[in-house]
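The values are calculated or read from the model by the stated rules, or taken from the named source; none is laboratory data. Please read these numbers as outputs of a predicted model, since none were measured by experiment. Note: ideal-geometry Cβ built from the backbone for every residue, glycine included; neighbour counts use all protein chains shown. Ligands, DNA and RNA are excluded from the accessible area calculation, which covers all protein heavy atoms including side chains. Shrake-Rupley method; radii C 1.70, N 1.55, O 1.52, S 1.80 Å.
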Amino acid sequence: MAELRRVDPTTLVPNPHNPRRSATDVRADHQMALNTKTIGQIQPPCVRELEDGRLMIVAGHRRVRACIAAKLPEIDVYVRDGDEKTHAMAAVAENMVRESMSESDQWKSVVDLREKGASDTEICRAFMITPGYLRGLSLLAQMHAPIIAAIDAGMGPSFQERNAIARTPLERQRDVWAEVWAESGESESDPADYHLTADDFQYFEWSEFVQALDRTELYARDFAFDEATAKEAGVVWEEDLFGQGDQDNRYCTSFPAMFKAQQLWAEKTLPEGGQFVGANHYGEAITPHEYRQVNDWEHTQDGDIPIVWVHAGTLEIRSGHMRARPVRAGEEGAAGSLNVTTVPASTAPKERPDISGTGLKLIGEIRTQALREALAGASEDVDPWDLVGAFLLALSANNVKVDGDHTYDPYGGVSARERAVGRVFPEGVLVRDPATLRKASLEVLGSFMNCEVSMHSGSGLPAQLLGVLFGADAHMPNMAFEAFLKTYSKSGITKAVKAEGLEEKPTGKAMREALMGHVGEGRWVPEAAGFGEGIAAWKEELARKAKSAAARARLKARIEEDDEGNEELIEDGDFGEADVEDSDADGIEDLTPGKAAEPTDEAETDEQAPITRVSDTHADPRIPTELTELARVMPEHFAVMTV
């Protein structure tokens, strides 16, 4: 028999054999304490009386801790009678035999509390839920009943899909649900009230249901099937009374019917020898196992079969080709016999080509020499249009790599260079049409010449000179906008403002606004952005290269002069015996076995000799003047090692 008593929760003794021994969630305990403090004690803990008169907890340890944390002075407890076995079973059953409320029941409780005057803040505190979770429960009020049942069964849509469903009127939800499950359930039952089962859930996609909800009006003008096909598919047209008078304003709200009509129309309009195939969730064709779909970048071949399918998401009729897969070794052929080889063995002797690889290589070298001689001989009287055509042809050569071509397609597409060469050399001979050559040349130049700051794809100074040649400065837009002016430093924007005759402002932002207001709808291009800036840099680059070439020429002449002097000394043979003996005595060590080398007074060191740039050192009489000048011109290639 149970007795209800009111006691101090701090006097209760914990059960040493409590079945819940794992550490509980601290946050969950804190939420329970707050809930207890807000609405008070709901369920009294179950205790039993010990021999010394103290009360030990049988079930409800978390409730007792929550009451203590909520600082409740007294709580109600149930004092149970029974033996140790009965109390142990009660402690386990209290933790296992329980079930949380479904979301629909939670929402019904929220509605009931609101009707009784409870605010959302009070409801959140009582249920220990967040406002966001409460808003999610509120979506159930705008959902069709079978959808709510699916949510309670754990087969419902995601939170985003719930939002999309809740935005749709209940009548529309009911209609689409009926269309989806029209062939399910009993024949006499209404498909709009069909409840989703576990087997149905394995093949059901909530995302497709949401898409069907969004397609409320599928207009006839967007589809090509005829009236007979529409009638066969069960399409029922409605008239849009607010549509434009010169358009077909008929529409249908049944997505499955329109999908079936598209499938029927695709089968009726198949090309000769074509085949209708299904599609996956991504809108891709599903070909038979022995075939594969031909990719868009591949060329069609003889034997490819045309295929047509319908995209399940957009209802678009798509077309393509499928190609038979090659029969591999070990697979059965079409006749069912095992094919053990893919390529039949040939018994014929291998024929030697007319010209070997070495001969072809020699032909290439001879052709190259002849081509260079022809180009050199035509330098004085070459026709300008022939030169333009040759320029286009050269840019399509295999050994020419162009970085930064925005028309280049790595998957086999035709670039601007290839299109241009195809127009001016359609039959392998240059088309001497000035208009065609002009257009093709400028198109190719525009495809890869750029002024981008890049070590790999940028064209550099030649692109700026090209802009000067063709007057690209006139095509520069107004650059007085915030994103560009923000790149200026404080001193830079100050100079730009003063150059326009404006007064200096205390902040860079104020000066940017003043400059943009001054320019207004006009056009402002800073001098540093003009193409003419590249001319001075180009001249400096040419001067640097000329200086480097002159230094190289002087070094080459000096080396040749030294080589000639050495050859003269060798030819004269002016070496005496005494000189040879002295050189042998001074320069050759006696390494006879048994005789140790004399120790040196200088200490040996493993440190490397210091390296100094020639351009950073003073003139050394031991270094040739030409070498010093060359090193100063190209400091990155020369260094002096002092030993």
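General observations
- Test for ALA472: is it surrounded by 14 or more Cβ atoms within 10 Å (Cβ to Cβ), of a type outside the set (Ser, Thr, Tyr) and closer than 28 Å to THR407 by Cβ: yes
- Identity of the residue in the stretch 243-263, closer than 19 Å to VAL180 by Cα and not polar (S, T, N, Q), that ends up surrounded by the fewest Cβ atoms within 10 Å (Cβ to Cβ): PRO256
Matching residues to (1) open to solvent by 60 Å² or more (accessible area, probe 1.4 Å); (2) modelled with pLDDT of 90 or more; (3) at positive phi:
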residue	(1), (2), (3)
GLU513	yes, yes, no
MET516	no, yes, no
ALA529	no, no, no
TRP538	yes, no, no
LEU542	yes, no, no
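- Within the stretch 125-157, being of a type in the set (S, T, N, Q) and farther than 19 Å from MET101 by Cα holds for one residue alone: GLN142.
- Cβ-Cβ contacts under 6 Å between residues 6 or more apart (or on different chains), taken from a first residue in the stretch 202-221 that is over 11 Å from PHE255 (Cα atoms) to a second residue that is part of a helix (DSSP H, G or I), are listed as TRP206/GLU161; VAL210/GLU161; VAL210/ALA164.
- Segments classed as helices (runs of 4 or more DSSP H), wholly inside the stretch 49-124, with at least 3 members that are modelled with pLDDT of 85 or more and on the phi < 0 side of the Ramachandran plot: 61-69, 103-115
- Subset of the stretch 174-185 [over 21 Å from LEU264 (Cβ atoms), open to solvent by 60 Å² or more (accessible area, probe 1.4 Å) and in contact (Cβ under 8 Å) with a residue 40 or more places away in the chain]: ASP175
- The residue that is least open to solvent (accessible area, probe 1.4 Å), among those in the stretch 197-209 that are among the hydroxyl-bearing types (Ser, Thr, Tyr) and under 35 Å from the mean Cα position of the chain (by Cα), is SER207.
- Hits in the stretch 119-132 (condition: out of contact with any helix residue (DSSP H, G or I) (no Cβ under 7 Å at 6 or more places or on another chain) and surrounded by 15 or more Cβ atoms within 10 Å (Cβ to Cβ)): PHE127, ILE129
- Screening GLY404 with (1) more than 16 Å from SER459 (Cα to Cα); (2) surrounded by 14 or more Cβ atoms within 10 Å (Cβ to Cβ); (3) of a type outside the set (Val, Ile, Thr) gives one miss only, at (1).
- In the set ARG6, ARG27, only one residue is within 30 Å of THR121 (Cβ to Cβ) and exposed (fewer than 12 other Cβ atoms within 10 Å of the Cβ); that residue is ARG27.
- Restricting the stretch 30-48 to residues that are of a type in the set (A, V, I, L, M, F, W, C) and modelled with pLDDT of 80 or more, the residue that is nearest to ARG125 (Cα to Cα) is LEU34.
- The stretch 550-570 residues that are at pLDDT 85 or above, paired with ones that are open to solvent by less than 80 Å² (accessible area, probe 1.4 Å) and not in a helix (DSSP H, G or I) (beta carbon under 9 Å, 6 or more apart): ALA551/MET634; ARG552/MET634; LEU555/PRO624; ARG558/PRO624
- Selection count where residues are in contact with a Phe, Trp or Tyr (Cβ under 8 Å, 6 or more places away or on another chain), open to solvent by less than 60 Å² (accessible area, probe 1.4 Å) and under 15 Å from ARG172 (Cα atoms), scope the stretch 210-242: 3
- Matching residues in the stretch 307-327 - criterion: being open to solvent by 10 Å² or more (accessible area, probe 1.4 Å) and within 19 Å of LEU213 (Cα to Cα): HIS311, ALA312, GLY313, THR314, GLU316
- Scanning the stretch 282-292 for residues being open to solvent by less than 60 Å² (accessible area, probe 1.4 Å) and not aromatic (Phe, Trp, Tyr) gives a total of 4.
- Among the candidates GLU161, GLU188, GLU171, the residue that is charged (D, E, K, R), open to solvent by 40 Å² or more (accessible area, probe 1.4 Å) and assigned to a loop (DSSP other than H, G, I, E, B) is uniquely GLU188.
- Within the stretch 309-328, residues that are in contact (Cβ under 8 Å) with a residue 24 or more places away in the chain and closer than 30 Å to CYS252 by Cα have Cβ atoms under 7 Å from residues that are among the basic types (Lys, Arg) and open to solvent by 30 Å² or more (accessible area, probe 1.4 Å) in these pairs: TRP309/ARG318; HIS311/ARG318, counting only partners at least 6 apart in sequence or on another chain.
- On inspection, GLY60 passes the criterion of being touching a residue at least 24 places away in the same chain (Cβ under 8 Å), of a type outside the set (A, V, I, L, M, F, W, C) and more than 23 Å from THR130 (Cα to Cα).
- Complete set of residues in the stretch 477-511 that are open to solvent by 40 Å² or more (accessible area, probe 1.4 Å), under 36 Å from the mean Cα position of the chain (by Cα) and not acidic (Asp, Glu): PRO477, ASN478, PHE481, ALA483, PHE484, LYS486, THR487, TYR488, SER489, LYS509
- Checking the stretch 418-432 against the condition returns a match, with at least one residue being modelled with pLDDT under 80, in a helix (DSSP H, G or I) and over 19 Å from ASP405 (Cα atoms).
- Residues that are open to solvent by less than 60 Å² (accessible area, probe 1.4 Å), in contact with a helix residue (DSSP H, G or I) (Cβ under 9 Å, 6 or more places away or on another chain) and not acidic (Asp, Glu) do occur in the stretch 273-281.
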